[in-house]
Amino acid sequence: MFEIKHRDGMGRIGKLKINGKIVETPTIMPVVHPNPKKQTVSIDKIRELADVIITNSYITYSNPELRTIAEERGIHNLIGFDKVIVTDSGSFQLSVYGDVAVKPLEIVEFQEKIGVDVGTILDIPTAPYVNREQAEKELGETIKRAKESIELKEKNNYKLLLNGTIQGSTYMDLRRKSAEIMGKLNFDIYPIGAVVPLMENYDYKTVVDIIINSKMFLPTNKPVHLFGCGHPMMFALSVALGCDLFDSAAYALYAKDGRYLTEDGTIHLEDLKDLDNFPCSCPVCSKYSPKELYNMNKKDRTRLLAEHNLYITFEEINRIKNAIKEGNLWELVEERCRCHPKLLEAYRRALTYNDFIERFDPITKKSAFFYNGYESMFRPEVLRHKKRLNRIKFDKIFITTVSKDIKRPYSEHINNMHSDVDILIKDDVFGLVPLNIDTVYPLSQNEIPELYDYEKLHNKKFVEEFLEQFRNNENNNDKIMDIHTYNYYTSYYNSNHNKNKIDRDALRIDRMLQYQYGFKILDDELLQNIIIKRSKKTGRIRNVLIDVNGKKEVLFTLRANDNLLIPAKEGAKLLHKKIPFPNYRVVVDKSVQEFARDGKSVYAKFVIDCDRELRPYEEVLVVNEDDELLAYGTTILNGQELMEFDYGVAVNVRGGLQ
Ligand code: GUN
Ligand code: ZN
């Protein structure tokens, strides 16, 4: 019932099917009071904006009038909303008042009875920083209730989907344990609970710890809801860390307090009242001036402020979705995290988990990598490059720097290359960039401003360690030259050059293939025999071909925007021959192998094994259990997700092998 359509960072645009109704995530669920008389914004207005709302089953249960209507006519009729209704269980009241007058299973039963689409167990939201004993005890109770609730639902074939909330206070091992145990119970959505007090204290970095530690142990194929996070300022970062759903009472609560939400903070209406116009163009802000709103009666003012707050909240969600599609979600996060130092701190904390995040971050993006400050040094794209640099088996290397006025890609300006030597260019952000792969994403698809001296020192150790390792590997000691400028290199080159047997372009393709696939694809014979076609217009490499019995066959196409080598049929066969199982494989069930051979997409449901190290958007080989090549294409999912997802497309197949 959940599938991924687009992705960036750990964020995903997902399609979630609930009782036959489709919801696109990430999305925000406005909190709606079950009593229509108490709703700040009319349900008609909410319906215009939201596909899902969240309301409270405990309030409904506790109020005889509401309860009767809900029991007789259902929650959708009570509220007047026929799209998806999620309900909370009374846990929040439990955390505020210390007690609720309903039993854990009773409230689950009630939620089913009133026709809720997604209900919530009566979890215990343990406050932050309580003593460990209490956190453990309450988590134990939450898990016990979770198990009983799932049993009840399964025994009685409930239609209701269930939220299984992750608790554990501020003990990260308890959050991980909670996620691991709850993850194995068959919940439909996993909310992360009890973060409201942390948000109220601006302790966003601890919220980051909690999100990541939960995500580490939750199944990847279920949506995650960040319970009680309603301020749009926090959405981009939370989405980038893998949260799919948010609920907002903030839009109404802030309005009651005369506060005007923006995507990067909050303004008191009083502080706006002397402006002629609002800094927003939503229907409310276009119609009224700040002064008019300020002078209005409280009820109308609150309603209109709340409407604005809702508009701005949805606008931010839509902006995030667009960033995911464009592949610049991290850039949006970096922008938002400059709204408040505590958010910057949270982003920095998030980047300490970049090794985990990198597993989900796509290997290629539509947008260029923008360096927006020192934090960008720690982004997953940079980390991945440093890891994948070790995939290339260099023979001889030159380490050099390039003068500032030489533009990227350097390889288009530095021509006279020694074909048996790899030039590694020192790079302030990416550490070392081999000239032979410097057109590959993100090594040329980036914008980096002039850096401060301390930023330039950032990769000093990385370069030293790389050289140290290279030296220690197979006695490479005499194969490194550290030359400081390109000019120096040129003179070295000119005095040492002798015509080499291997074509410069062939070596380039060899290095790019090693970087992309982690194995040596071109042996000596292939290096001699591949044919490289350049575009007549741009002069750039376009295709790599091979002569098969007098007929030229395309092996790979160099994709223009990211310079990844996209295999054609013969290329896929070559990769299959050269890359040992299970690397770069997606293994599908025998029952669908003919579909794959026909070039049809591979659905996640039929994946039975795969290379667990795969990252999203890699070019993969689709095989059967006997490792017979069936097809080749692009995986939408990473290795872990390929194993866990049961819905949606896993591999977009480019071609099949009949
Ligand atoms: N609303 C805000 N936080 C929580 C939580 O931890 N659990 C539940 N059930 N609802 C919440
Ligand atoms: Zn507005």
Next item on the list: Kindly indicate the residue of the stretch 276-302 that is surrounded by 12 or more Cβ atoms within 10 Å (Cβ to Cβ) and away from ligand 2 (no atom under 11 Å from the Cβ) and also farthest from I320 (Cα to Cα) among those meeting that condition.
Entry: M296
Margin query: Please go through (1) of a type outside the set (A, V, I, L, M); (2) over 30 Å from D646 (Cα atoms); (3) surrounded by fewer than 19 Cβ atoms within 10 Å (Cβ to Cβ) for F556 and return the number of the only condition it doesn't satisfy.
Written below: (3)
Check: What are the residues in the stretch 157-181 that are β-branched (V, I, T) and farther than 25 Å from S57 by Cβ, if any?
Finding: T170
Next item on the list: Only residues that are outside any loop (DSSP other than H, G, I, E, B) and closer than 16 Å to E307 by Cβ: list them for the stretch 39-65, please.
Entry: I43, D44, K45, I46, R47, E48, L49, I53
Margin query: I'd like the full set of residues that are aromatic (F, W, Y) and crowded, with 19+ Cβ neighbours inside 10 Å, limited to the stretch 93-128.
Written below: F110
Check: Among (1) within 20 Å of L226 (Cα to Cα); (2) modelled with pLDDT of 95 or more, which single condition is E133 missing?
Finding: (1)
Item checked: One residue from A146, A127, A135 being at negative phi, assigned to a loop (DSSP other than H, G, I, E, B) and small (G, A, S) -> A127
Notebook entry, point to check: Filtering the stretch 89-120 down to residues that are closer than 27 Å to L198 by Cβ and among the aromatic types (F, W, Y), which residue is farthest from ligand 1 (Cβ to nearest atom)?
Noted result: Y97
Next item on the list: Sort out which residues of the stretch 337-360 are surrounded by fewer than 23 Cβ atoms within 10 Å (Cβ to Cβ), part of a helix (DSSP H, G or I) and of a type in the set (F, W, Y), and write them in order of number.
Entry: F356
Item checked: Selection from the stretch 422-444 of residues that are of a type in the set (G, A, S) and surrounded by fewer than 21 Cβ atoms within 10 Å (Cβ to Cβ) -> S444
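Filter the stretch 212-249 for residues that are hydrophobic (A, V, I, L, M, F, W, C) and modelled with pLDDT under 95 and give the result.
Residue satisfying the conditions is C229 alone.
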Note to self: Any residue at all in the stretch 125-144 that's within 27 Å of I22 (Cβ to Cβ) and more than 13 Å from ligand 1 (Cβ to nearest atom)?
What the structure shows: no
Note to self: For the stretch 66-85, which positions are in contact with a helix residue (DSSP H, G or I) (Cβ under 8 Å, 6 or more places away or on another chain) and in a helix (DSSP H, G or I)?
What the structure shows: L66, R67, I69, A70, E71, I75, N77, L78, I79
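Filter the stretch 174-193 down to residues that are out of contact with any helix residue (DSSP H, G or I) (no Cβ under 8 Å at 6 or more places or on another chain) and more than 16 Å from ligand 1 (Cβ to nearest atom) and give me whichever is farthest from I150 (Cα to Cα).
Selected residue: E180.
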Notebook entry, point to check: Only one of these conditions is not met by G265: (1) surrounded by fewer than 18 Cβ atoms within 10 Å (Cβ to Cβ); (2) within 24 Å of E24 (Cβ to Cβ); (3) touching a residue at least 24 places away in the same chain (Cβ under 8 Å). Which number is it?
Noted result: (2)
Notebook entry, point to check: Among the residues of the stretch 430-446, is there at least one that is within 25 Å of E345 (Cα to Cα), assigned to a loop (DSSP other than H, G, I, E, B), in contact with a His (Cβ under 7 Å, 6 or more places away or on another chain) and not assigned by the TED database to the domain that holds Q516?
Noted result: yes
Check: From the list Y202, Y260, which residue is in contact with a helix residue (DSSP H, G or I) (Cβ under 7 Å, 6 or more places away or on another chain), among the hydroxyl-bearing types (S, T, Y) and within 16 Å of ligand 2 (Cβ to nearest atom)?
Finding: Y260
Note to self: On the basis of being away from ligand 2 (no atom under 16 Å from the Cβ) and crowded, with 18+ Cβ neighbours inside 10 Å, does A146 make the cut?
What the structure shows: yes
Next item on the list: Could you run through the stretch 194-243 and say how many residues are assigned to a loop (DSSP other than H, G, I, E, B), more than 16 Å from ligand 1 (Cβ to nearest atom) and farther than 19 Å from P128 by Cβ?
Entry: 7
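The values are calculated or read from the model by the stated rules, or taken from the named source; none is laboratory data. Not measured: the values here are computed from a predicted model. Methodologically, a virtual Cβ is constructed for each residue, glycine included, from the backbone with ideal geometry; neighbour enumeration extends over all protein chains shown.
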